[in-house]
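What follows is a set of notes on a single structure, which appears directly below.
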């Protein structure tokens, strides 16, 4: 789940340990907002006696900066998106996964394993994957009017758009419109995308990646970017919220479990990962969050409306037309420079 405007908060799942007199075991989890149901965290504690200390962050960049600051200590598990796994492992911020301690890894979808950002899954285990597309309130805007990213540049939508507060996702739109890869490392192409995005800014009302469904449900915005899971959750409250896969291609990503280099509760972190990869637990997460799971044995357990939802599980042709995020290496500072200029109005 690839930036979010929010206050980072911490809470502990406090459940009495079933083992009388045992010392309190803990696992410190640093994750995106609303990404693991609280009931799941409570169940883990009830079954294992391990207390979950759960903290949230608002973006990959926020998570990365904090782990850099504390030199990888203080957390046992974090959930970076695709390209941040390679960045963090390359910089020595992660410790290898002991796959022998996670037997449920054997049941994962091979199509989401052994990716270029982490060959052999040495440092990461996939948690959920999804896409970034377009949300449309069809009570206000006919869905036929918004079929592509470039439709968001329509002047009729002045001061009406929501964009994800995420540099790579926003640049994805402009790069795809220009016919380039959203993982471009070419400065000229990135600059062209920036120039195109400058033209979009009069239409932008807000940047939001902290529960972005909420502005749509509140009627603050009626069109813009959104994650597929957030769109699915919005549809449960308002069926008029449509999720559109843009004709130029959606942005696809995966979020993974990783263990920071300075993690103190390594064994508990592995226990937590293995627990989260159980089919019954994966089912709960999918049905509450609306994102796809790599746990194949969870799929038959899903309710029919979830299992058949193309918002959650896109057809193969949609996935093929889109593009998964990868590490852009030395081009990252170029993106950051233009992102800062875009956000500051320069």
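The values are calculated or read from the model by the stated rules, or taken from the named source; none is laboratory data. Computed from a prediction, not measured in an experiment: that's the story for all the values here. Methodologically, a virtual Cβ is constructed for each residue, glycine included, from the backbone with ideal geometry; neighbour enumeration extends over all protein chains shown.
Before moving on, here are some points about what is shown:
- Residue 312 surrounded by 24 or more Cβ atoms within 10 Å (Cβ to Cβ) and assigned to a loop (DSSP other than H, G, I, E, B): yes
- Test: residue 87 is modelled with pLDDT under 95, assigned to a helix (DSSP H, G or I) and out of contact with any strand residue (DSSP E or B) (no Cβ under 9 Å at 6 or more places or on another chain): yes
- Residue ID - surrounded by the most Cβ atoms within 10 Å (Cβ to Cβ), chosen from residues in region 141-152 that are in contact with a strand residue (DSSP E or B) (Cβ under 9 Å, 6 or more places away or on another chain) and in a helix (DSSP H, G or I): 149
- Residue list for region 113-140, filter: buried (at least 20 other Cβ atoms within 10 Å of the Cβ) and outside any strand (DSSP E or B): 117, 118, 121, 123, 124
- Evaluated against (1) assigned to a helix (DSSP H, G or I); (2) at pLDDT below 95, residue 337 falls short on exactly one condition, (2).
- All positions within region 315-334 that are part of a helix (DSSP H, G or I) and in contact with a helix residue (DSSP H, G or I) (Cβ under 9 Å, 6 or more places away or on another chain): 329, 331, 332, 334
- For region 38-75, residues that are part of a loop (DSSP other than H, G, I, E, B), surrounded by fewer than 18 Cβ atoms within 10 Å (Cβ to Cβ) and at pLDDT below 95 total 4.
Per-residue answers, yes or no, for (1) closer than 14 Å to residue 132 by Cβ; (2) crowded, with 24+ Cβ neighbours inside 10 Å; (3) modelled with pLDDT of 95 or more; (4) in contact with a strand residue (DSSP E or B) (Cβ under 8 Å, 6 or more places away or on another chain):
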{"residue": "154", "(1), (2), (3), (4)": "no, no, yes, no"}
{"residue": "163", "(1), (2), (3), (4)": "yes, yes, yes, yes"}
{"residue": "173", "(1), (2), (3), (4)": "yes, yes, yes, yes"}
{"residue": "187", "(1), (2), (3), (4)": "no, no, yes, no"}
{"residue": "197", "(1), (2), (3), (4)": "no, no, yes, no"}
{"residue": "200", "(1), (2), (3), (4)": "no, no, yes, yes"}
{"residue": "203", "(1), (2), (3), (4)": "no, no, yes, yes"}
{"residue": "222", "(1), (2), (3), (4)": "no, no, yes, yes"}
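- Residue match in region 90-97 (condition: in a helix (DSSP H, G or I) and either surrounded by 14 or more Cβ atoms within 10 Å (Cβ to Cβ) or not assigned by TED's automatic domain parsing to the domain that holds residue 59 (or both)): no
- Matching option when the condition is surrounded by fewer than 16 Cβ atoms within 10 Å (Cβ to Cβ) and more than 28 Å from residue 205 (Cβ to Cβ), among 303, 344: 303
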